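**Student:** Input: one structure, supplied below.
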């Protein structure tokens, strides 16, 4: 089975940096994905990690430690539009994504 | 930019009725998926489809569900006899073949069973 844990809610200030953690226990591992989902909308892809280390894409970075079953998504220079749910998803042996429950991020002025 | 399109955006149906949700995946993608998200809950995998057959399916995808690629562009999810608990947002997604390929999601069909 799969177990993917993320904090339920986080709040941060506009312009600040926030780190959203994700821990996972899966039977196999073929990559970890982060998606953003605004209320009532589809998930949109943010980042992908399959090897240990940091992947940086503009204001977003994602880190993976396979030995610890741990990842984080780092959002810099927060903007109001970053208020959304952030979904951690693991791909085990196939192509299907197994999602965590998501972290609802509120960015305040 | 290519996108996955889904129709209808919202469907209301009576319990026990059959519904068909439609999707047009991105044209050069070869893997297709259905996911669902019950209001306030996590996104759940239902089924993946590759080379005209089911590749993986979850426990949720029981005998009341079926998928089909009736032509070269559409990918459908059929629910034979809907239940109240089938009310959810249903997302279609597609990917290229390859390990580091992200899934692109459609905007979803909100299914309401009354």
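Readers should treat all values here as calculations from the given coordinates under stated rules, not as data from a laboratory. Just so we're clear, the structure is a prediction, and the values are computed from it rather than from any experiment. Ideal geometry is used to build each Cβ from the backbone, glycine not excepted, and the neighbour counts take in all protein chains shown.
**Student:** With both partners inside the protein assembly as shown, how many of the DSSP beta bridges are antiparallel, as a percent to the nearest 5? Mind dumping the intermediate values first?
**Tutor:** Values: 72 of 81 bridges.
Antiparallel bridges make up about 90 percent of those DSSP assigns within the protein assembly as shown.
**Student:** If I take every Cα pair under 8 Å that is 6 or more residues apart in chain A, average their sequence separation and divide by the length, what percent do I get for the relative contact order? Working shown, then result.
**Tutor:** Numbers: 281 pairs, mean separation 40.5, N = 109.
This gives 37 percent for chain A.
**Student:** By per-residue mean of other Cβ atoms within 10 Å, what is the highest-first order of A:95-108, B:37-50? Write out the running numbers ahead of the final one.
**Tutor:** Numbers: A:95-108: 20.0, B:37-50: 17.7.
Per-residue Cβ counts within 10 Å, averaged per peptide and sorted highest first, yield A:95-108, B:37-50.
**Student:** May I ask for the distance between the Cα centers of segment B:55-104 and segment A:21-78, given as a whole number of Å?
**Tutor:** 24
**Student:** Sticking with this one: Can you tell me what share of the DSSP beta bridges in chain A is antiparallel? A percent to the nearest 5 is fine.
**Tutor:** Values: 37 of 42 bridges.
Of the beta bridges lying entirely in chain A, close to 90 percent run antiparallel.
**Student:** Summarise the partner chain shielding of B:30-41 as one whole number: the mean count of Cβ atoms from other chains within 10 Å of each residue's Cβ.
**Tutor:** Values: counts 0, 3, 0, 3, 0, 5, 0, 5, 0, 1, 1, 3.
Partner Cβ neighbours, averaged per residue: 2.
**Student:** Ranked by Cβ crowding within 10 angstrom, fewest neighbours first, how are A:41, B:1 ordered?
**Tutor:** On the way: A:41 14, B:1 4.
If I rank by nearby Cβ atoms, fewest first, I get B:1, A:41.
**Student:** Next question, about the same structure. What does the structure give for A:36-46 when I average, per residue, the other chain Cβ atoms found within 10 Å of the residue Cβ? Could the numbers behind the result be given before it?
**Tutor:** On the way: counts 0, 4, 0, 0, 5, 4, 15, 9, 3, 5, 1.
Whole-number average of other-chain Cβ neighbours for A:36-46 is 4.
**Student:** Can I ask one more? What FRET efficiency comes out for the pair residue B:78/residue B:39, r = Cβ-Cβ distance, R0 = 22 Å, nearest 0.05?
**Tutor:** Efficiency for this residue pair is about 0.50.
**Student:** Using Cα-Cα distances under 8 Å and only pairs 6 or more residues apart, what relative contact order does chain B have, in percent?
**Tutor:** Details: 273 pairs, mean separation 43.9, N = 114.
Reported relative contact order: 38 percent.
**Student:** Also, I was wondering about something else. Taking every residue in A:87-96, how many Cβ atoms of other protein chains lie within 10 Å of its Cβ, on average? It would help to have the intermediate numbers written out before the result.
**Tutor:** On the way: counts 2, 0, 5, 0, 4, 1, 1, 6, 14, 13.
So the per-residue partner count for this stretch is 5.
**Student:** In nm, give the distance between the simple-model label positions of residue B:13 and residue B:63, each being 7 Å from the Cα along the Cα-to-Cβ direction.
**Tutor:** The two pseudo-label positions are separated by 1.8 nm.
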